[in-house]
Amino acid sequence: DGNLQVTNQSNVQFDSDLPEFRTQGGVHIHEDRLTVTSPVHMWVKALDLILEKMKNAGFDFSNVKALSGSGQQHGSVYWRKGARQALQHLDPGRDLHSMLQGSFAVQDSPVWMDSSTTEQCQCLESAVGGAQQLADITGSRAYERFTGNQIAKIHQFQTDKYNETERISLVSSFAASLFLGDYAAIDYSDGSGMNLMDIFTKKWSQPCLNATAPQLAEKLKEPKPSTAVLGSVSPYFIERFGFPEDCKVVAFTGDNPGKVTNMYVKVSLGTSDTVFLWIKEPRPTVEGHIFCNPVDCHSYMALICYKNGSLTRERIRNECAEGSWEGFSRALRSVPIGNNGNIGIYFDAMEITPPAVGVHRFDKHGRRVGRSFVYLILIGSFMILFYFYRLCNVFTCKPYEYLNLFSSLQVLSDVFNAPVYTIDVANSACLGGAYRAMHAVTGFTVYHGIKMHGYHTVCVCLLPVKGKPAEKLTRACATLLRFSCSAHSGENGRTCIRLNKSPSA
């Protein structure tokens, strides 16, 4: 509402609420274990279902002044020729999914979990002069999950379906299109996660388009600011659910940009560990990503993601604390800040950055140690996040910058040298969409509203510590990460790690 108070929350679980699509975790993992898709009709039917749920629960749609949202990044939707006519002439007496059955050229949309486009990534980087050159244009080197490489694969292997497509949407702009009753523009922030957009000019990069697929600019159309008001809600929603005629549809964005809407610095500890940063002067590298900022068109968002997150921590919990988080916390409290200089890096699965696998534990003298400790897994994970946080040239924390995570708060506070806040409302990407809708139509500065009314609770403050143990560990972590890691096949077919010290280390 106008005071940033959450008044209603509803959800649909794809697997249980829509079992006819037979998804697991909302996706289909194909036989090659690399291709991962979601049925686009499942997303349409989910919107039907959640709006009906809200209507039956007595939600008053007439009070909605504006709406926006967040969709999973990188996923793509391929509208068949003639689909725009269907969007513009929806019958309020029927469900969306029944009217849009024939509107999609590709029935199963590639999503962010897909990693089947290595060949297309290599072609794109080669076409523009290399990985760093691509990052200088689009903010990221080529990644398999990024939309441009998924489009290239569709064109290469499903040429007929690509040719049947009149418009390509991201998941975010696809959802906005349903509410708008017309094709919605891709926004700058989500568009910068495609390996196609020049993040500095906010235009599609012609060399990237040329290397991806023919007539692609015509199928994408020009992106728009993430704060843009795209128009009013479709008459379909006015008549069927009672939305007001002047309800505005604000550009939707990706889930990661949506989370940054309510944070300046955010650390998310989930299956993967991610740090999000609000920055002014981006310096793209081949490690991590630079996206356009979803709230301030003159700013940017840096993101670095690590694959070895909660599952790795759970393994160490099981080994060292008999599967108990309470025991994990006791063990954590039993060691001093900085862990006397000991550090551990745990890569159970092949990591994204650096591309390495294995467990590496060192004492303060750089000597390998053999035993796992609870503190090692946390300090190692957080130091890696902090190391790349510093590479983004935003090391100095201002008092109003927030860190957000869900466990092990004191260790993160020690490492980042900043107080830690948690968000009291789940589904922060959805909450960010609501914030952005209000920001776009009222001019209300969301950040100041968060300070006054937001759902952020300070959980951990800085502790007075003599010296700077985290600074010493940062230097140690930096040294470790300068090693070039190469995996090779070891005895009995096991994958081992070989560390070769680089000349710069």
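The values are calculated or read from the model by the stated rules, or taken from the named source; none is laboratory data. Just so we're clear, the structure is a prediction, and the values are computed from it rather than from any experiment. Cβ placement follows ideal geometry from the backbone for every residue including glycine, while neighbour counts extend to all protein chains displayed. Just so you know, the surface numbers come from the protein's heavy atoms only, side chains and all, with ligands and any DNA or RNA stripped out. Shrake-Rupley method; radii C 1.70, N 1.55, O 1.52, S 1.80 Å.
Structure values in brief
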| quantity | calculated |
| --- | --- |
| Pairs beyond 31 Å (Cα-Cα), from Lys53/Lys280; Lys161/Lys280; Lys55/Lys307; Lys45/Lys202; Lys81/Lys153 | Lys53/Lys280; Lys161/Lys280; Lys55/Lys307; Lys45/Lys202 |
| Where region 271-320 is the region considered: accessible area per residue in Å², 1.4 Å probe | 39 Å² |
| Cβ-based net charge around Val27, under 13 Å, with every Lys or Arg adding one and every Asp or Glu removing one | 0 |
| Net length gained if the chain between Lys161 and Glu287 were fully extended (0.36 nm per residue, minus Cα distance) | 42.0 nm |
| Contour excess over end-to-end distance, with Cα ends at Thr201 and Glu52 and 0.36 nm allotted per residue | 49.5 nm |
| Accessible area of region 69-178 divided out per residue, in Å², using a probe of 1.4 angstrom | 37 Å² |
| Efficiency of FRET from Cβ geometry, Ser115 and Glu314, R₀ 22 Å, rounded to 0.05 | 0.45 |
| R0 of 22 Å, Cβ-Cβ distance Arg330-Gln13: FRET efficiency to nearest 0.05 | 0.05 |
| Nearest-10 value in Å² for the accessible area of Ser98, using the 1.4 Å probe | 50 Å² |
| By accessible area with a 1.4 Å probe, ligands and nucleic acids excluded, highest first: order of Lys224, Lys45, Lys81 | Lys81, Lys224, Lys45 |
| Cα-centred dipole magnitude for region 132-214, charges only on beta-carbon of K, R (+1) and D, E (-1), debye, nearest 20 | 160 debye |
| Inter-label distance, nm, simple model (7 Å from Cα along the C-beta direction), Asn340/Asp182 | 6.9 nm |
| Around Cys430: net Lys/Arg minus Asp/Glu count, Cβ-Cβ under 13 Å | +1 |
| Extension gain (nm, one decimal) between Gln132 and Cys297, 0.36 nm per residue minus Cα-Cα | 57.0 nm |
| Restricting region 272-368 to trypsin sites (Lys or Arg not before Pro) in coil, as DSSP defines it, with at most 10 other Cβ within 10 Å | Arg367 |
| Surface share of carbon and sulfur [accessible, 1.4 angstrom probe, percent] for region 103-242 | 50 percent |
| Val359 long-range amide H proximity, modeled H, under 5 Å | Phe347 |
| Between region 223-291 and region 164-200, the Cα center-to-center distance that results, in Å | 12 Å |
| Efficiency of FRET from Cβ geometry, Val357 and Gln88, R₀ 41 Å, rounded to 0.05 | 0.20 |
| Amide proton proximity set for Ser205, modelled H, under 5 Å, gap of 5+ | Met197, Asp198 |
| Environment charge of Trp79, counting only residues whose C-beta is closer than 14 Å and scoring Lys/Arg +1, Asp/Glu -1 | +3 |
| Heavy-atom accessible area order for His41, His365, His28, largest first, 1.4 Å probe | His365, His28, His41 |
| In region 214-247, GluC sites (Glu not before Pro) in a DSSP loop with at most 10 other beta-carbon atoms within 10 Å | Glu245 |
| In sequence order, calculated HN-Hα J values of region 9-16 (Karplus, 6.51, -1.76, 1.60; Hz; x Gly/Pro) | 9, 9, 8, 10, 9, 4, 5, 8 |
| Separation in nanometres of the label points that stand 7 Å from Cα toward Cβ, at Asp1 and Gln24 | 4.4 nm |
